[in-house]
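The values are calculated or read from the model by the stated rules, or taken from the named source; none is laboratory data. This one's a predicted model, so the numbers in the text were calculated from it and none came from an experiment. Note that each Cβ is placed from the backbone with ideal geometry, even for glycine, and that neighbours are counted across all protein chains shown. In case anyone asks, the SASA skips ligands and DNA or RNA and just uses the protein heavy atoms, side chains included. Shrake-Rupley method; radii C 1.70, N 1.55, O 1.52, S 1.80 Å.
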Amino acid sequence: MADRPPLPPFTRETAAQKVQAAEDAWNTRDPQRVALAYSEDSVWRNRDTFVTGRAEIVDLLTAKWAREHEYALRKDLWAYDGNRIAVRFQYECRDADGQWWRSYGNELWEFDEHGLMTRREASINDTRIEEKERRVFGARPEAERGRSFPLQ
């Protein structure tokens, strides 16, 4: 099995690298690419949905991005300890009817010794926004990397 650095135990720097790598991958909206960061038997809770394994992760993400148009995400490191990382995030997207949404959430991540995520628990809340209220546009610009994203 190939390692997926950075590997635990995490430091502030390596945890931040892991978070930025996840943000970058999710902003591609490529379920196959994103799923490679997770172990073959990774367990997820995403809102009220529970999935296990890469195939189910790919299915969940494929359905997600089929309904969440122009999805753009920002993640921030919240805390880390050993092989665990806590993240807060915000993303924006529009639905098929053109309604824009901002979603706020927290994730708890746990990694194996190879740097693959074995567990992801995500709690997410959605709020309607007007298009003029948007703040997240595509991938994070290089100049904004390492900065916390404002709550509102």
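Quick notes
- Test: Asn106 is open to solvent by 50 Å² or more (accessible area, probe 1.4 Å) and either over 22 Å from Gly146 (Cβ atoms) or touching a residue at least 12 places away in the same chain (Cβ under 8 Å) (or both): yes
- Count - residues of region 88-103 that are touching a Phe, Trp or Tyr at 6+ places or on another chain (Cβ under 6 Å) and closer than 27 Å to His114 by Cβ: 1
- Boolean, Arg102 is part of a loop (DSSP other than H, G, I, E, B), farther than 27 Å from Ser39 by Cβ and of a type in the set (D, E, K, R): no
- Residue match in region 131-144 (condition: touching a residue at least 12 places away in the same chain (Cβ under 8 Å), surrounded by fewer than 17 Cβ atoms within 10 Å (Cβ to Cβ) and within 15 Å of Gln20 (Cα to Cα)): yes
- Positions within region 112-130 being in contact (Cβ under 8 Å) with a residue 60 or more places away in the chain, among the hydroxyl-bearing types (Ser, Thr, Tyr) and surrounded by fewer than 15 Cβ atoms within 10 Å (Cβ to Cβ), in sequence order: Ser123
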